[in-house]
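This report concerns only the one structure given below.
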Amino acid sequence: MPTVHYQSKKGHIEKNMQEYKDKKEKLSKEIENIANNYTENPENLAELAIFSARFYKYSFRNTLLIFSQNPFASFVGSFAKFKEIGNNIAAENNLKDERGQMQYLGVKAGAKSMYVFAPTPITYLLIDGEYIKLSTATKEQKSLYEAGEIKAMQQQAYKLVPVFDISQTLIPPEYYPKIFSVGKNNKQAAEIYDKLKNYIEIGLNCPVEENIDNSISLRGLCYTTPETAGININSKLKDTMRLSTLSHEVGHFLMHRDTVMPEKSVAQKEVEADIMSIMLLSYFGQEVSDVRKAHLADNYRAYAAALQKNSKPFDSINTIFSNASNVFEEFVVGFENYMHNMEDIAEDETEDESPGFVQSM
């Protein structure tokens, strides 16, 4: 198991940082290589295409409507559609409940729906020279219409119907496309996450919540205005992805608050936060996920393209790496000091609780 640096003693902080600085140049080259050359596994893209084909393609108007209700929705369908998809997944994987019946994987009870417009033809009957809706016709008029004895016409209308995002279903994350991986459970990653979260909340005065539950694509958010500063993590994530996401979002918190550098582009902010995340994961001896690599590569290419096309002054790629690297070093020193202070407090409390000498009777 790789060494976790926060376990070292006070006198070793500078030594640990120097060791990491010696490795940093090599790591920077590795990060740059990921940014320039990483491409998504074709098998994952094919799997995504197959999975996406199960869902109805909404019109531009409905796409905007969905976005206005949940900008992070990924796969949207009706209650009946998710019941069908859930039944198929349960049957394909032989998933059964405690009664031995096929497991229900449809929309959760109490899930709040979004709404889209669905085409609904309206039939009008010609009665005494005027058209009336079929729904308002008498029983006799409906019978004559069904017999073909009354002239009728149809007009296309639209009504609002409820739909849901896949995050509102009971479909287990392991059956999402791999491109939407939520990570895996890992004891060491969980321990590092807890200590990192504790330092961010207490040492940096940045609250961390875990209640994003309306998306599988949105892994985390960082609120950067002084009034709302904080981090929110997707509740569906498992240990490794929670740690990766927290290490990314704290990069945003440190580098991209409105009071720090409001003029940076979205792509630059994402690249800097990804570099911070990869450096932290490397520091803690944790694997960098394909999700993080793909995110870095996509944003790095977008930023590099803008850098070439835009006549306005942009930070160079080297400056971006330097920005993230400097923030990383400051963060790790603060984190190490905080952890050692916690260890000292724990040791003092243990000494206070130790019993004195007791004379036996």
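The values are calculated or read from the model by the stated rules, or taken from the named source; none is laboratory data. These figures come from a predicted structure and were not determined experimentally. Neighbour counts run over all protein chains shown; Cβ positions are idealised from the backbone, glycine included.
Let me spell it out: the conditions are (1) farther than 30 Å from GLY77 by Cα; (2) surrounded by 11 or more Cβ atoms within 10 Å (Cβ to Cβ); (3) out of contact with any strand residue (DSSP E or B) (no Cβ under 7 Å at 6 or more places or on another chain), and ILE166 meets all of them except one. Which number is the exception?
Tallying (1) farther than 30 Å from GLY77 by Cα; (2) surrounded by 11 or more Cβ atoms within 10 Å (Cβ to Cβ); (3) out of contact with any strand residue (DSSP E or B) (no Cβ under 7 Å at 6 or more places or on another chain), ILE166 fails exactly one: (1).
Scan region 106-158 for residues that are among the hydroxyl-bearing types (Ser, Thr, Tyr), assigned to a strand (DSSP E or B) and under 30 Å from GLY86 (Cβ atoms) and jot them down.
Across region 106-158, the qualifying residues are TYR115, THR120, TYR158.
Count, please, the residues in region 241-265 that happen to be modelled with pLDDT of 90 or more and of a type in the set (Ser, Thr, Tyr). Quick ask: steps written out before the conclusion?
Here is the first cut: in region 241-265, the residues modelled with pLDDT of 90 or more are 241-255.
Still in the list and also of a type in the set (Ser, Thr, Tyr): 244-245, 247.
Count: 3.
How many of the residues in region 256-270 are part of a helix (DSSP H, G or I) and either surrounded by fewer than 24 Cβ atoms within 10 Å (Cβ to Cβ) or touching a strand residue (DSSP E or B) at 6+ places or on another chain (Cβ under 7 Å) (or both)?
Within region 256-270, residues that are part of a helix (DSSP H, G or I) and either surrounded by fewer than 24 Cβ atoms within 10 Å (Cβ to Cβ) or touching a strand residue (DSSP E or B) at 6+ places or on another chain (Cβ under 7 Å) (or both) number 4.
Give the residues of region 163-217 that are assigned to a strand (DSSP E or B), of a type in the set (A, V, I, L, M) and over 29 Å from PHE335 (Cβ atoms), sorted by residue number. So that I can check it myself, show each step before the final result.
Residues of region 163-217 that are assigned to a strand (DSSP E or B), as a first pass: 163-165, 169, 208-212.
Filter once more, keeping what is of a type in the set (A, V, I, L, M): 163, 208, 212.
Selection gives VAL163 alone.
Here are LEU243, LEU281, LEU237, LEU296: which of them is out of contact with any strand residue (DSSP E or B) (no Cβ under 6 Å at 6 or more places or on another chain), buried (at least 21 other Cβ atoms within 10 Å of the Cβ), outside any helix (DSSP H, G or I) and at negative phi?
LEU237
Look at region 122-172 and say how many of its residues are in contact with a Gly (Cβ under 9 Å, 6 or more places away or on another chain) and acidic (Asp, Glu).
So the count comes out to 1.
Please find, among TYR199, TYR223, TYR158, TYR176, the residue that is in contact (Cβ under 8 Å) with a residue 24 or more places away in the chain and more than 30 Å from PHE117 (Cα to Cα).
TYR199
Condition test on ALA273, is it in a helix (DSSP H, G or I), within 20 Å of ALA324 (Cβ to Cβ) and in contact with an Asp or Glu (Cβ under 8 Å, 6 or more places away or on another chain)?
Judged against the criteria, ALA273 is a match.
Restricting the first residue to region 83-97 and requiring it to be over 21 Å from SER167 (Cβ atoms), which pairs with a second residue that is part of a helix (DSSP H, G or I) meet a Cβ separation below 9 Å and a spacing of at least six or different chains?
LYS96/ALA90
Tell me whether region 180-203 contains one or more residues that are among the hydrophobic types (A, V, I, L, M, F, W, C) and either surrounded by fewer than 14 Cβ atoms within 10 Å (Cβ to Cβ) or over 23 Å from the mean Cα position of the chain (by Cα) (or both).
Checked region 180-203: at least one residue is among the hydrophobic types (A, V, I, L, M, F, W, C) and either surrounded by fewer than 14 Cβ atoms within 10 Å (Cβ to Cβ) or over 23 Å from the mean Cα position of the chain (by Cα) (or both).
So, in region 28-57, exactly how many residues are of a type in the set (Ser, Thr, Tyr) and in a helix (DSSP H, G or I)? Before you say what the answer is, go through the steps one by one.
To start, the set of residues in region 28-57 that are of a type in the set (Ser, Thr, Tyr) comprises 28, 38-39, 52, 56.
Among the residues that remain, those that are also in a helix (DSSP H, G or I) are: 28, 52.
Of the residues in that region, 2 qualify.
For the condition surrounded by 12 or more Cβ atoms within 10 Å (Cβ to Cβ), more than 30 Å from LEU218 (Cβ to Cβ), free of Cβ contacts under 8 Å to residues at least 12 places away in the same chain and not acidic (Asp, Glu), what is the one hit in ILE132, ILE127? Can you show your working first?
Numbers: ILE127 fails: free of Cβ contacts under 8 Å to residues at least 12 places away in the same chain.
From the options ILE132, ILE127, the qualifying one is ILE132.
Can you name the condition, by its number, that GLU336 falls short on among (1) surrounded by fewer than 20 Cβ atoms within 10 Å (Cβ to Cβ); (2) modelled with pLDDT of 75 or more; (3) of a type in the set (Asp, Glu)?
(1)
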